Structures are given as C-alpha cells and as structure tokens.
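Reviewing the structure listed below.
Bear in mind that the values in this text are calculations on the coordinates, not laboratory data. Bear in mind the structure is a predicted one, so any value in this text is a computation, not a measurement. Backbone-built Cβ (ideal geometry, glycine too); neighbour counts: all protein chains shown.
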Amino acid sequence: MQNVRLVEPSILFKDSFLDFVEDVKKTGYESYELYTKAEKDFKEFVTDLINFSKGINIPEDWVPCSSFWLIDRDEVVGVIRIRHRVDNDYLQMIGHIGYEIKSSKRKRGYGSRLLELGLKEAKKLGLEEVLVTCNEDNIGSLRIINKFNGEYKKSFIDDETGKTVLQYKVCVV
C-alpha cells in the first residue's frame, strides 16, 4: 500500500479509468451509470467531475461533489465520491460518500485505504461526520465501515433494487 494515493480525476489515467469502468459494468454495480459519459467523451467527463467539486454546472437536484480516484502505481483501483452536504431526503438516504473498488482488487485492503483517505478529504471540506450506506449483504463494506467506528443510524429498502440498505454515521478524524 506504499504507492497507493488519492488523486483528482485526470486525463492522465484515461486507459486505467476506462478499464475500471468496464469492471464496474461487468460486475453490475448500480454506479455504472455515473461513468457512461467517460466512455463517450473522457475529457468532458473529467472536466465535469472537477467542476462538480467546485459547484459549477452541477445537475439539478445535485450538490457539489468531489470525486477522487485511488491509484496504486498508475492503476485506478477505486473511486470515491464525497457529497459536500446531504440536505434533502434523497441525499440523506444515499449519504455523503459512495465508493467502489475494482473487483480484482477487493479483499486486499484497498477499500479501507480508500475510505481512510476519503475521510481526510471530507475533513478538508469542513465535514465533521459523514453518512455512509451499503447494502445489507455487502459484507466487505460493512467491515470497512465498522473499522472506522461507523454508528448504525437506520435501514431502509432501496426502491430501485429492493435491497435493504444500512446507513451509518462515521466521524471524520
């Protein structure tokens, strides 16, 4: 994990990021829809992510959101999104943080490292605590959230997937 770091989105990682997107697509993550623009116009996709972090040109009903890529050497192995606030019912439901690890890199500590570095970025945004959610059957994410002393808040059913989602509060250190 010595070479693992978070970076802001960059065209320098185009091929590796598109490989990550293909992995997300194959594994059936719901988050794939967030990445479809990268497959069509990567440069514009990166520009949008940078702008969204600054509150520029954000889609209606969205809030500023900073995206970071977890890089090991020069490979994108994970992505984290940090919403700057969760000030409506929908955002309260999905929380401040969403993240994915490339399927071939799971169970190697990348998820924990990603959340650790993401919490440092959340602190830079002025957040003192964040809401993090995961599906009830996602044992890996549950372990990561518990590792960071996640405090259980509530459960709800995701209307789109029908799955039970667990919500935790994690203090930003």
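Using alpha-carbon pairs under 8 Å, 6+ residues apart, how would you state the relative contact order of the chain in percent?
For the chain, the relative contact order is 18 percent.
For region 1-96, report the translational diffusion coefficient in µm²/s to the nearest whole number, using Stokes-Einstein at 37 °C, 0.692 mPa s, and a Kirkwood Rh over Cα pairs. Please report the intermediate quantities before stating the final value.
On the way: Rh = 14.1 Å.
Here the translational diffusion coefficient equals 233 µm²/s.
PRE reach from Asn138 (point 7 Å along Cα→Cβ): which of region 1-24 fall under 14 Å by backbone N?
Zone members listed by number: 24.
If you split all Cα-Cα distances of region 40-105 into 10 Å bins from zero, what percentages do you get per bin, shortest first?
Percent of Cα pairs in each bin: 20, 45, 30, 5.
Mind checking Rg over Rh on region 87-173, alpha carbons, Kirkwood formula for Rh? Walk me through the intermediate numbers first.
Numbers: Rg = 12.7 Å, Rh = 13.4 Å.
Dividing the radius of gyration by the Kirkwood radius yields 0.95.
Fewest to most neighbouring Cβ within 10 Å: what's the order for Phe156, Phe20, Phe13?
Phe156, Phe13, Phe20
If amide H atoms are built 1.01 Å from N in the plane of the peptide, which residues on other chains or at least 5 residues away come under 5 Å of the amide H of Gly78?
Under 5 Å from the amide H of Gly78 lie the amide H atoms of Leu70, Lys102, each far enough along the sequence or on another chain.
Between their Cα atoms, which of Lys25/Lys124; Lys26/Lys107; Lys40/Lys163; Lys105/Lys154; Lys43/Lys123 are more than 24 Å away from each other?
In this structure, Lys25/Lys124; Lys40/Lys163; Lys105/Lys154; Lys43/Lys123 exceed 24 Å between Cα atoms.
Return the inverse of the average 1/r over all pairs of distinct C-alpha atoms in the chain, which is the Kirkwood hydrodynamic radius, in Å to one decimal.
16.4 Å
How many nm separate the modelled label positions at Leu12 and Glu44, each set 7 Å beyond the Cα in the direction of the Cβ?
2.5 nm
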